[in-house]
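Undergrad: Next up is a structure, given as structure tokens.
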Amino acid sequence: MMMLLVSPATGSFLKFWADRLSDGTGVVGVGSRCDRCAQPLASRDVIPILSWVLSRGKTRCCRKDIRYGHISAETTAVGLALWGWFAAPDHLVVHSLVVAWLLQGIALLSAPGRRAAFSLSIILAGLGIVWSHAGLLGPFEPHLMGALMGASFAALGILDKVRGAPTLILLPAGALLGVTALPVAIFLGIATALAHRGWCKLAKRAGTPHATSVATGLAGGIWLVWLYGPTFGLPIEFFGY
């Protein structure tokens, strides 16, 4: 339950990190400032979700609308945590919360900070290998082969100089899902990426980097297969259910 409660703060920090990388600044020693007037924010202004609700979506310093990206990152983190809590098998609930946070982080950081996204991808891939070796995700060999295949796909994206290298998220995908499930996750990810791009246009957020849409879509495909792999006709034994 504690991990659910800290989810809004996790989403808030990931968005803060992504914004600082976009601005070319770091997260250490840099206080939060208003996006509209650059005034330093007080502690009461940075309470995830609650500050937005109490201020009715307005900044306290200049009374301008708070940018949607902040509250969306926080609510997305909560939504993913609740989704994983209810949909994942009992023995994988905590693991699913960790997967959700890291996938969200990779998706947010893919465009502004490739190194940061790479670091999170390595961490998640390592967890996938460890969990599969421990027998939590089914047989080890398919996950090891999946990790190698995912690394190959990610390397192709990097070598092709894809902006932001959103394919970095495929590094952990194979380790988590296995070689059989990885293509399904990629297919679902492409469909989700196209849907995200369409939503950005409808919401007049055309400035959203394509790398963010691709990484978000692939993260969505990975998440769906992680939770519902057998539903897509994939062997149940590969998911440790």
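Undergrad: Taking 8 Å as the Cα distance limit and 6 or more residues as the minimum spacing, I'd like the relative contact order of the range 81-135 as a percentage.
TA: 23
Undergrad: Next question, about the same structure. Can you list the HN-Hα couplings for the range 187-204, worked out from phi with the Karplus curve (6.51, -1.76, 1.60; θ = phi - 60°), rounded to whole Hz and with x for Gly and Pro?
TA: 4, 5, x, 5, 4, 5, 5, 5, 5, 5, 5, x, 5, 4, 5, 5, 8, 6
Undergrad: Oh, and also: Using the Karplus equation 6.51 cos²θ - 1.76 cosθ + 1.60 (θ = phi - 60°), what ³J(HN,Hα) coupling, rounded to whole Hz, does each residue of the range 128-144 give in order, writing x for Gly and Pro?
TA: x, 5, 5, 5, 5, 5, 7, x, 6, 10, x, x, 6, 4, x, 6, 5
Undergrad: How large is ³J(HN,Hα) for each residue in the range 99-116, as worked out from phi by the Karplus curve 6.51 cos²θ - 1.76 cosθ + 1.60 (θ = phi - 60°), to whole Hz, x for Gly and Pro?
TA: So the J values, rounded to whole Hz, are 4, 4, 5, 5, 4, 5, x, 4, 5, 6, 8, 4, 6, x, x, 5, 5, 5.
Undergrad: May I ask you to order 194-204, 126-136, 180-190 by the average number of other C-beta atoms within 10 Å around their residues, highest value first?
TA: Working: 194-204: 13.0, 126-136: 16.7, 180-190: 20.4.
Top of the packing list down: 180-190, 126-136, 194-204.
Undergrad: For an R0 of 22 angstrom, estimate the FRET efficiency from the Cβ-Cβ distance between Leu194 and Leu82 and round to the nearest 0.05.
TA: Numbers: r = 26 Å, r/R0 = 1.17.
That gives a FRET efficiency of 0.30.
Undergrad: Amide H neighbours of Gly138 under 5 Å, counting only residues 5+ apart in sequence or on other chains, H built in-plane at 1.01 Å?
TA: Hits under the 5 Å cutoff: Gly240.
Values in this text are rule-based calculations from the coordinates and carry no lab data. None of these values were measured; they are calculated from a predicted model. Glycine gets a Cβ as well: all are built from the backbone with ideal geometry, and neighbour counts include every protein chain shown.
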